[in-house]
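In what follows, a structure is listed as structure tokens, so that the remarks can point back to it.
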Amino acid sequence: MKPASKFNKWTRDLLHVLYPQNCLICQYEFNQSRLAICPVCISELSYTNFEDYSEATNLDKLFWGRVNLSGTYALLRFKQQSSTQRILHELKYNNNPEIGLYFGREMGAILKQLPVFSDMDALIPVPLHPKKEFIRGYNQAEVICKGISETTQVSLRKDLLKRTSFTESQTKKSRTSRWDNMQNRFAIRGRKEYGLRHLVVVDDVATTGSTLETCVRILQDRFPKTQISIVVLAVAE
């Protein structure tokens, strides 16, 4: 081995000791690499591949008859005891915003290639109540938005929508209960704006769609001539 090669290897090994690289999902330490996720977790990811669909997806169908949308997209499929569930748990409960940025960037690269999202000019994260955001330390939907914004250069707009009241967890509620729980929980903030062509509401996961539906309805009332789409990290099967 040439001296320069030896030096580079020693440098990489030393950096790995000082700054070990852990998988964003399972936290397993693996060899120094450009990867942020270990090969095992990558192999277990369940991508939707919605970008290759020519027919309606299950995320499209979730909102049929409820709200009119210009487009929808989800990167991953969600089911219990899956790598996607671990990703969402890391993002929401284990103080791991990096995982949201990582997958947000990945989604942004895909959205740039999809004609339906070619004219989007604002990314709107589903807001958390300030109390919940303070407890968690960040809004996971906003973190995902930041990742998308990095790769698309589309503005992140936190100033258009706000949550007005604190809600209990939706995890174990039925679709009807979730809808009832979401009523009057959100409101428009700031003055009415003009010239917005395409708003994209972003959240971490769509299960019953009640939260997203509520946000879309409020935005449509304020911006009746503006297109609105939905993007989520994961959609329930």
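Annotations for the structure displayed:
- Hits in the range 30-69 (condition: open to solvent by less than 90 Å² (accessible area, probe 1.4 Å), of a type outside the set (F, W, Y) and at pLDDT below 80): S33, L35, A36
- The range 134-148, residues that are touching a Gly at 6+ places or on another chain (Cβ under 8 Å) and either open to solvent by less than 30 Å² (accessible area, probe 1.4 Å) or of a type in the set (D, E) (or both): Q140, V143, I144, C145, G147, I148
- Inter-residue pairs, beta-carbon under 9 Å, first at negative phi and in a loop (DSSP other than H, G, I, E, B) and in the range 16-39, second open to solvent by less than 50 Å² (accessible area, probe 1.4 Å) and modelled with pLDDT under 60, 6+ apart: Q21/S33; N31/H16; Q32/H16
- Residue check for L114: over 29 Å from T164 (Cβ atoms) and of a type outside the set (F, W, Y): yes
- Scanning the range 97-121 for residues that are within 12 Å of the chain's Cα centre (by Cα) and of a type in the set (A, V, I, L, M) yields I99, L101, M107.
The values are calculated or read from the model by the stated rules, or taken from the named source; none is laboratory data. Just so it is clear, the structure is predicted and the values come from calculations on it, not from any experiment. Cβ atoms come from the backbone with ideal geometry, glycine included; neighbour counts cover every protein chain shown. Accessible surface is based on the protein model in full, side chains and every heavy atom, while ligands, DNA and RNA are left aside. Shrake-Rupley method; radii C 1.70, N 1.55, O 1.52, S 1.80 Å.
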